[in-house]
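One structure is given here, and the rest of the page talks about it.
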Amino acid sequence: MRLRGRKGIRESLESQPELVVLDAAPHMGKWREFFGNDNPIYVELGMGKGRFISQMSVRNPNINFVGVDMYDELLRRGSEKARLAWAEKGIESPPNLALLRANIEGIETMFAPGELERVYLNFSDPWPKGKHARRRLTHERFVSKYIEILNERGEIHFKTDSQSLFEFSLNSFADMELIMRNISLHLHKEGPREDLVFTEYEMKFMEKGQPIHRVEVVIGEEALRVHRARKLETARLESAQVEEDSESDDN
Ligand SMILES: C[S@@+](CC[C@H](N)C(=O)[O-])C[C@H]1O[C@@H](n2cnc3c(N)ncnc32)[C@H](O)[C@@H]1O
């Protein structure tokens, strides 16, 4: 029987400590103990009903995922969704997923420096009024916290339907002299990108044909090294192709 009411929801959350974390403090710097392995940790800040983080955890069993939101009801829905997603694989309890009830404002008290490898920001609240700019999750004051807790392979992946939040965020990353890649103004223009997992909000906007904006921000030293090496290799292949083309034009 499904528990109802605020007390019922709280009881349901408290009854699944292997999945739902109501106090991050004891886990700070010790998330690998929670998961029981050294796999990289990817976090979604503001997971909502949890579709993205659940599907990601199923698709990537060698990565640990933490979905953060501040509402009990969303955690409850997320836990149901995650269990259903893993049940299809015959596994009762998601082995590589934690759903954390917390306010992102205090993120530096939830994860230790270098503890995370990726931060996902999916359809974060846009806070359109200028006076609320500091609340946007891509404001410099948040991004500097993410940089602290990301490791040498660290990246931030950001998706939004909001053009104004996207513009604000690109400027925020650029002002911090961060390297951005794979910038897209209309992610699903050529059809749904099935290689990426859609969030609940994303599916609503896609149905309406609204463009989704996306960017990846390369933070860690190793991530930057790999990014630069790939760019060099692409440039080398492109110039080899140009030479090949001009030789065949000459013949
Ligand atoms: C617009 S929804 C997006 C949900 C989901 N990522 C998606 O794309 O479907 C934003 C979510 O962020 C959560 N959120 C906003 N500010 C937060 C904060 N300071 N701490 C924790 N969660 C927050 C909200 O509760 C909400 O679930």
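FYI, it's all coordinate maths here, none of it is from the lab. These numbers come from a predicted model, not from an experiment. Every residue, glycine as well, gets a Cβ built from its backbone with ideal geometry; the counts of neighbours run over all protein chains shown.
Could you look through the range 177-206, keep only residues that are farther than 18 Å from Met56 by Cα, within 15 Å of the ligand (Cβ to nearest atom) and part of a loop (DSSP other than H, G, I, E, B), and pick out the one that is nearest to the chain's Cα centre (by Cα)?
Here the answer is Leu187.
Kindly indicate which of Glu108, Glu117 is farther than 17 Å from Val215 by Cα and of a type outside the set (Gly, Ala, Ser).
After ruling out the rest, the residue left standing is Glu108.
Of all residues in the range 160-175, which are in contact with a strand residue (DSSP E or B) (Cβ under 9 Å, 6 or more places away or on another chain) and surrounded by 12 or more Cβ atoms within 10 Å (Cβ to Cβ)?
Those that are in contact with a strand residue (DSSP E or B) (Cβ under 9 Å, 6 or more places away or on another chain) and surrounded by 12 or more Cβ atoms within 10 Å (Cβ to Cβ): Thr160, Asp161, Ser162, Gln163, Leu165, Phe166, Ser169, Leu170, Phe173.
Against the condition within 11 Å of the ligand (Cβ to nearest atom), surrounded by 15 or more Cβ atoms within 10 Å (Cβ to Cβ), of a type outside the set (Ser, Thr, Tyr) and not in a loop (DSSP other than H, G, I, E, B), how does Leu121 come out, does it pass?
yes
Can you tell me which condition Gly36 does not meet? The list is (1) small (Gly, Ala, Ser); (2) in contact (Cβ under 8 Å) with a residue 24 or more places away in the chain; (3) on the phi > 0 side of the Ramachandran plot, and all the others hold.
Of (1) small (Gly, Ala, Ser); (2) in contact (Cβ under 8 Å) with a residue 24 or more places away in the chain; (3) on the phi > 0 side of the Ramachandran plot, only one is false for Gly36: (2).
Taking the range 62-113 only, how many residues are surrounded by fewer than 16 Cβ atoms within 10 Å (Cβ to Cβ), over 18 Å from Tyr42 (Cα atoms) and away from the ligand (no atom under 11 Å from the Cβ)?
Summing the residues that are surrounded by fewer than 16 Cβ atoms within 10 Å (Cβ to Cβ), over 18 Å from Tyr42 (Cα atoms) and away from the ligand (no atom under 11 Å from the Cβ) in the range 62-113 gives 9.
Working only within the range 185-199, note down all residues that are surrounded by 16 or more Cβ atoms within 10 Å (Cβ to Cβ) and either under 24 Å from His139 (Cβ atoms) or in contact with a His (Cβ under 8 Å, 6 or more places away or on another chain) (or both).
Scanning the range 185-199 gives Leu187, Thr199.
Please state which of the following conditions Ala223 fails to meet, knowing it meets all the rest: (1) within 13 Å of the ligand (Cβ to nearest atom); (2) among the hydrophobic types (A, V, I, L, M, F, W, C); (3) touching a Lys or Arg at 6+ places or on another chain (Cβ under 6 Å).
Only one criterion in (1) within 13 Å of the ligand (Cβ to nearest atom); (2) among the hydrophobic types (A, V, I, L, M, F, W, C); (3) touching a Lys or Arg at 6+ places or on another chain (Cβ under 6 Å) is unmet by Ala223, namely (1).
Restricting to the range 204-233, give me the number of residues that are without any contact (Cβ under 8 Å) to a residue 24 or more places away in the chain and farther than 18 Å from Arg118 by Cβ.
Qualifying residue count for the region: 10.
Let me spell it out: the conditions are (1) more than 22 Å from Ser54 (Cβ to Cβ); (2) outside any helix (DSSP H, G or I), and Ala133 meets all of them except one. Which number is the exception?
In the conditions (1) more than 22 Å from Ser54 (Cβ to Cβ); (2) outside any helix (DSSP H, G or I), Ala133 misses (2) alone.
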